[in-house]
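Read through the structure below, which is laid out as structure tokens, and then see the notes.
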Amino acid sequence: MELSYYFYTDFKTREEIDEFLLEQARKVVGDRGDIKISRQEESEENEGDTLDFSCKSFWVSTNLSFVQDIAKEFDLDVNFCLWISVYPSGGAKFIQFIGNLLSGTTGDVILLEEHDMKVLERRHESLIVNNYYFDGDFRNLGLPYANGFYQKFVLQIDSGNESNDIIQIVKHEIINIANHCIDEGKVTLIEDPDIRSEFGICWNDFKVFVQNWKWNKSYRSSNKYIRGIYLYRSA
């Protein structure tokens, strides 16, 4: 499983950050000999420096890529990123490691799969986990949390119209439903005027992202394209 963990750190130097991360990993592994560590220094200012470490349960690499984009997209105050691979049967140890990171820091946090599927989030000091992942067992976090979810729905629309008019119709209907079910005027529309094939709406921790796509049904003995709309809903 490939994950990315974005969080806020007020450490002043990269050395402090690196030592903090390794300390939390050692608490999980228990034996320093089981952790493999490598460092790469790319500049005197430490801007491109990376730290990689791994154990039998997971692999971690420090990275500053996409931090600003993620902070803006999810409206979170984060300034550091970890790229993570969780090995098979390594979930329990990995969750314990994340729990250590959460306990050792304050502020916003988000754990994502494939850069957009929300696994865990801390916002306004409230921790919400997606119980779809890790069999819903987050007890090894060692912290109180609420169960949330991030679920994808697919709406397939058979349409010969190749324009983006359908997405505008869906947008109008979803906004009407959200205003009726949540609170009139409280829903925020998120869209890029140059990209008419997708949009999002949000209200506090509730977020829906809609994206237009085409799916070739040739494997069903048909060359038609089905216009599909992804709807991602997060708690």
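Quick test for you: out of ARG196, ARG227, pick the one residue that is surrounded by 14 or more Cβ atoms within 10 Å (Cβ to Cβ), farther than 21 Å from GLY148 by Cα and modelled with pLDDT of 75 or more.
Within the list ARG196, ARG227, the selection yields ARG196.
Quick one: VAL67 ticks every box in (1) out of contact with any strand residue (DSSP E or B) (no Cβ under 9 Å at 6 or more places or on another chain); (2) surrounded by 15 or more Cβ atoms within 10 Å (Cβ to Cβ) except a single one, so which number is it?
(1)
Taking region 62-89 only, how many residues are over 16 Å from TYR8 (Cα atoms) and either at pLDDT 85 or above or in contact with a Pro (Cβ under 6 Å, 6 or more places away or on another chain) (or both)?
5
Looking only at region 10-26, which residues are over 17 Å from ILE84 (Cα atoms), surrounded by fewer than 17 Cβ atoms within 10 Å (Cβ to Cβ) and in contact with a Ser or Thr (Cβ under 9 Å, 6 or more places away or on another chain)?
Result: ASP10, GLU16.
Criterion first (open to solvent by less than 30 Å² (accessible area, probe 1.4 Å) and more than 16 Å from the chain's Cα centre (by Cα)) does GLY99 satisfy it?
yes
Can you tell me how many residues in region 76-88 are over 13 Å from LEU111 (Cα atoms) and in contact (Cβ under 8 Å) with a residue 24 or more places away in the chain?
3
In the set GLU114, GLU121, GLU73, which member is out of contact with any Ser or Thr (no Cβ under 6 Å at 6 or more places or on another chain) and surrounded by 19 or more Cβ atoms within 10 Å (Cβ to Cβ)?
Exactly one residue qualifies, and that residue is GLU121.
Considering each residue of region 38-54, count those that are at pLDDT below 85 and surrounded by 15 or more Cβ atoms within 10 Å (Cβ to Cβ), and give that number.
3
Exactly one of (1) modelled with pLDDT under 65; (2) over 30 Å from SER126 (Cβ atoms); (3) out of contact with any Leu (no Cβ under 9 Å at 6 or more places or on another chain); (4) open to solvent by less than 50 Å² (accessible area, probe 1.4 Å) is unmet by ALA235. Its number?
The single condition ALA235 does not satisfy is (2).
The values are calculated or read from the model by the stated rules, or taken from the named source; none is laboratory data. Everything quoted here is computed from the prediction, not taken from an experiment. For neighbour counting, all protein chains shown are included, and Cβ atoms are generated from backbone atoms with ideal geometry for every residue, glycine included. These accessible areas exclude ligands, DNA and RNA; they are computed on the full protein's heavy atoms, side chains included. Shrake-Rupley method; radii C 1.70, N 1.55, O 1.52, S 1.80 Å.
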